[in-house]
Amino acid sequence: MTPAPDLLLSSGFLAFARHIGVLQALLAAGRSVDAVVGTSSGAMVGALFAAGHSPEAISALVAGRRPLGLMRPSLRPWRGLCRLDPLIGFLSANLPERIEDLPRPFAVGVIDRTGRHHLLTRGGLAQAVAASCAMPHVFAPVEVDGVPYADGGAADRLGLDAWRAFRPGRAAIAHEVARTAGRDLQADRSGVWTIATPRSGASFWSLGDVVGQIAEARALATEQLPGPTWP
């Protein structure tokens, strides 16, 4: 039997609702996925999904939250204007302690202090996800097992090449939110089915119409899903 494809969730500025809508479309179509790889907003939604939360439960966790409530001013603004300690607390309350404790393979896209891209497949889960959300200059890097990391989307919004090294020979469904910041790299797309959705339109003050964004992403994803015989 052909194994289920992996799921790749790109970075996208506060695009939680877009990822939730795509997850809803996948599940409604009876599409199962195996490993999950996420960057920035994709890391947060992907981690919650990999931990067993349904798309509806993830929506309930994030809807109505002011992004500003998940950050606080940094005492060392030269490292980043804000810290993500409240986000780490929120994630710790809803996720296992470590990446390797999840019931399915999971990887988080980050960059190190030199700007080099990495996929973290082990280590503190809440810290790894928060690091992936830590946009350089806006947020201070987040330490994962003592090593500082930041938003992997600054180097590679989807992480295709890193995913291939992590999961050689596998197929994947990739959800790409339209770029707001970060880098889209040219990479081998063989064996990867891509679903595209628009930007979220969210801001640090409000996530906006989360329900409407989810519905729009679900409809768009439903139109773009692969057929039942793929891969």
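No value in this document is a laboratory result; all are computed from the given coordinates. Given the structure is predicted, the values throughout are model-derived calculations rather than measurements. Reconstructed Cβ throughout: ideal geometry from the backbone, glycine too, with neighbour counts over all protein chains shown.
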- Starting from the Cα of ASP184, step 7 Å along the direction of its Cβ; do the same at SER54; then give the gap between the two resulting points in nm. 3.4 nm
- Using a Gaussian network for the chain with springs between C-alpha atoms less than 10 Å apart, which of these wobbles most: GLY208, GLY109, GLY169? GLY169
- Query: Spin-label point model (7 Å from Cα, Cβ direction): what's the GLU97 to TRP205 distance in nm?
  - Reply: 4.1 nm
- Message: Please report the antiparallel percentage of the DSSP beta bridges confined to the chain, to the nearest 5.
- Response: 40 percent
- Inter-label distance, nm, simple model (7 Å from Cα along the C-beta direction), GLU143/LEU27: 3.6 nm
- Message: Compute the helix-to-body angle for 85-94: its Cα long axis versus the longest principal axis of the chain, expressed 0 to 90° and rounded to tens.
- Response: 40 degrees
- Query: Anyone know which of ASP34, ASP188, ASP151 comes out most mobile in the 10 Å Cα GNM of the chain?
  - Reply: ASP188
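For the range 16-108, would you read off the P(r) tail past 21 Å as a percentage of all alpha carbon pairs?
35 percent
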- Item | Cut-off 20 Å (backbone N to label point 7 Å along Cα→Cβ of ARG122), residues of the range 21-53 | 35-38
- Message: Taking amide H atoms as placed 1.01 Å from N in the peptide plane, list the residues 5 or more away in sequence, or in a different chain, whose amide H sits under 5 Å from that of GLY123.
- Response: ILE99, GLU100
- Item | the range 42-160 - Debye-derived log10 I(q)/I(0), Cα point model, q = 0.13 Å⁻¹ | -0.46
- What is the spread of the Cα atoms of the range 137-231 along each of their three principal axes, largest first, in whole Å? 44, 37, 24
- Item | Amide proton proximity set for THR194, modelled H, under 5 Å, gap of 5+ | ALA174
- Item | Length released on extending from ASP34 to TRP78, taking residue separation times 0.36 nm less the Cα-Cα span | 11.9 nm
- Compute log10 of I(q)/I(0) for the chain with the Debye formula, placing one identical point scatterer on every Cα and leaving out solvent, at q = 0.07, 0.08, 0.12, 0.17 Å⁻¹, to two decimals. -0.19, -0.25, -0.57, -1.21
